[in-house]
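Report on the structure given below.
The values are calculated or read from the model by the stated rules, or taken from the named source; none is laboratory data. In this text, all values refer to a predicted model and were calculated from it rather than measured experimentally. Here the Cβ is made from the backbone with ideal geometry for all residues, glycine too, and neighbour counts use every protein chain on show.
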Amino acid sequence: MIFSTWQYGLFLLCTVAVFWALPAGARPWWLIAAGIVFYTNYHPPHLVLIVLLTLGVYAAARGAQVSPPAVRRGLLALVIVLALAVLGYYKYTLFALATLASAGIPPPLAALRLIPLRAPLAISFFVFEYVHYLIEIRRGRIAPGSARDFFLFILFFPTLISGPIKRFDSFQPQIAGGGGPAPAHLSSGAERVLVGLAKKLLVADTVARLIGPLWEAPLEQPWWLLWLMVYGYALQILFDFSGYSDIAIGSALLFGFRVPENFNYPYLQPNLARFWRSWHMSLTSWITDYVYIPLGGNRRGQLRAQLNRLLAMALVGLWHGAAGHFVVWGIYHGIGLNAYHAYRGLRARLPLPPDFGVAGRVVATVFTFHFVCIGWVLFVLDAAKARVVILRLLGVA
């Protein structure tokens, strides 16, 4: 069910009505059942895979609690690797084989037979939440919840399609909530859903219809129309993604649950680091906690920190899609982040004023926005087309 359809609206209303009519103890089970129905509506066979994965992760987490430390670490690491392998198989098999073929290494016929026909809905979100849960248990920061709590955490339908990526330690305490519906939650949730629908249907979809033909033939457009195309896409992707996030956050509020925010005026940020702390925030924090910091973060010197940023951002790009141009987009942002941190370090060593005032912030915000806009060209187009379009945008071709 797509969030912007009447089917989802009807499903949400019925689910909310029954949820608040049930006794408190039955409500989590109702939400689990709703998540199963929601997921089955997409592609029923994949429900079996998700249930089996969830059972496996839950069993490993419980088993680790009663195992010796060495076995505990090994068991959790093994399940994390298996979960990531499932993600890699469904989302990246074709990309890997195509990459090998482009390098002159034709894949064997047996490998071609292994290409999945269809990836499970939201497999990236499932696996990232599995990994978070298992790593935090391995670190001793959370204890395994009950089967009910873990299944609800995974199958909570408002966040299934496009997140936000939840954290178990903040989600679980909300499950036991009793009593009747809070008017503030219902009104805020409904308002958030309506705002999200407006963003998606009135802004994102309208802009997409206007600029779609330009993206289909970008090399035929004059430079000024290319800038309108890029500005339009920046608006489209923000309102599309943040609109879905608003609907998810609002839907969760209707059940009394608060899930993470995902966007906080990203195009109004004065540097790229602030942009990424404001854009798809639940993904940024996940990559920071489970990729960048474990790699060493900035604790092992500047060169290692720069390499870690590049790798983390390349993974951000790959997470968005199984294609080379997504990886290039991620590396582009990694280079930008490294340049910003180098600039900040240089400013700290030079006798310069710490702040350039309002004018400086405006210039920095405009520059950051345009850096992000040029990146959207890499996000949408393959490398050859993107190169030509970017050169025309910069007036050098």
### Message
Any residue at all in segment 257-264 that's over 23 Å from D289 (Cβ atoms) and outside the structural domain of F125 (by TED's automatic domain parsing)?
### Response
no
### Summary
Of the candidates R148, R139, the one satisfying the condition of being under 20 Å from L49 (Cα atoms) and surrounded by fewer than 21 Cβ atoms within 10 Å (Cβ to Cβ) is R148
### Summary
Counting only residues that are touching a residue at least 40 places away in the same chain (Cβ under 8 Å) and buried (at least 17 other Cβ atoms within 10 Å of the Cβ), segment 204-220 contains a total of 2
### Residue that is surrounded by the most Cβ atoms within 10 Å (Cβ to Cβ), among those in segment 296-321 that are aliphatic (A, V, I, L, M) and over 25 Å from T93 (Cα atoms)
A305
### Query
Among the numbered criteria (1) at pLDDT below 85; (2) not in a helix (DSSP H, G or I), which single criterion is violated by P120?
(1)
